[in-house]
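> Dumping the structure here so I can ask a few things about it.
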Amino acid sequence: MNLKLIPSGLVLFRFLIAPLLLWDAWDGNTSMWFLVGFTAAFLSDIFDGIIARRLGVSNAQLRQADSWADTCLFSCIFVSAWLVYRDILITYQLPLLMVIFAQIMWWIVNLIKYGKPASYHTYSAKFWGITLFIAIVALFGFNYAGIALWLTCIAGTIYSIEEIAMTLILPVWTHDILSIFHALKIRQQLQTTDISTV
């Protein structure tokens, strides 16, 4: 077995399991396998990047595929939540609309500037991922939204705003930038390089 294919396999796993989770929720109910599958997908998201860096195969194509897999997974989760917990989502429409609007703006800004979505994998993105995991387990496992849902919506909005700012700061598409401070440093380095070549 080629170990270098493991990160790609973990990304592919998320693409494949996402529609299965949606299928489980299609009738308005979910089985225990929904949370099992989601937890496995969440763990794959954690380890694909770690393993890719250890094996030296972390490149732009893999990281962008990782971002698309996350988008696919959480889109299916959101639709599943709408099918199973519509009343709860309507009750918490304010924070949900807030983070959805922030994400739409994130997509628009990145597509206008780069022609494709960003793939920064920031600290704020990782924190949002953790809060999403907690909120999804709370909702599908315990029928609870409350603080968990508010927290993930706030974290998602902050993440979106930070990455929008990073896209406005960085002159070219770049992957794996951990924070806006790292983006500012990269911009400064690029400007210094431009000045030195004049």
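> Which percent of the accessible area of the chain is formed by carbon and sulfur heavy atoms (probe 1.4 angstrom)?
Result for the chain: 72 percent of the exposed heavy-atom area is carbon or sulfur.
> On to the next question. Taking the simple approach of a point 7 Å from Cα along Cα-to-Cβ for both Asp176 and Asn29, what is their distance in nm?
Placing both labels 7 Å beyond Cα along the Cβ direction yields 4.6 nm.
> May I ask you to rank Leu55, Leu170 by accessible area, largest first, using a 1.4 Å probe over the protein chains only?
Leu55, Leu170
> A further question on this structure: Stick to Cα atoms and the Kirkwood definition of Rh, then tell me Rg/Rh for the range 1-101.
1.06
> In addition: At 1.4 Å probe size, with no ligands or nucleic acids counted, give the accessible surface of Tyr85 in Å², nearest ten.
30 Å²
> The range 9-36 to the range 37-85: how many Å between their Cα centroids?
Centre-to-centre distance over Cα atoms comes out at 13 Å.
> HN-Hα J couplings of the range 64-72 from phi, Karplus 6.51/-1.76/1.60, θ = phi - 60°, integer Hz, Gly and Pro as x?
After applying 6.51 cos²θ - 1.76 cosθ + 1.60, I find 5, 4, 4, 5, 5, 5, 4, 4, 4 Hz.
> Regarding the range 1-55, what are the three Cα extents along the principal axes, ordered largest first, in Å?
If we take the Cα atoms of the range 1-55, the spans are 42, 15, 15 Å.
> So what does log10 I(q)/I(0) come out to for the range 83-138 at q = 0.30 Å⁻¹, using the Debye formula with one equal point on every Cα and no solvent?
-1.17
> Tell me the Kirkwood hydrodynamic radius of the range 49-157 in angstroms, computed as one over the mean inverse distance between distinct C-alpha pairs.
Kirkwood hydrodynamic radius for the range 49-157: 15.1 Å.
> Please give the per residue accessible area of the range 1-113, computed with a probe of 1.4 Å over protein heavy atoms only, in Å².
58 Å²
> Still on this structure, I have one more. Quick one: pull the percentage of alpha-carbon pairs in the range 135-198 with a separation above 20 Å.
49 percent
> I need the phi-derived Karplus couplings for the range 96-113: 6.51 cos²θ - 1.76 cosθ + 1.60, θ = phi - 60°, integer Hz, Gly and Pro marked x.
5, 5, 4, 6, 5, 4, 4, 5, 4, 5, 4, 4, 4, 4, 5, 5, 5, 7
> Which value, to two decimals, describes the C-alpha radius of gyration of the chain once divided by 2.2 N^0.38 Å?
Taking the Cα Rg and dividing by 2.2 N^0.38 Å, one obtains 1.10.
The values are calculated or read from the model by the stated rules, or taken from the named source; none is laboratory data. Here the structure is a predicted model, which is why all the values come from computation and not from measurement. With ideal geometry, Cβ positions are generated from the backbone for all residues, glycine too; neighbour counts draw on all protein chains shown. Quick note on the areas: whole protein, heavy atoms, side chains included, nothing else; ligands and nucleic acids left out. Shrake-Rupley method; radii C 1.70, N 1.55, O 1.52, S 1.80 Å.
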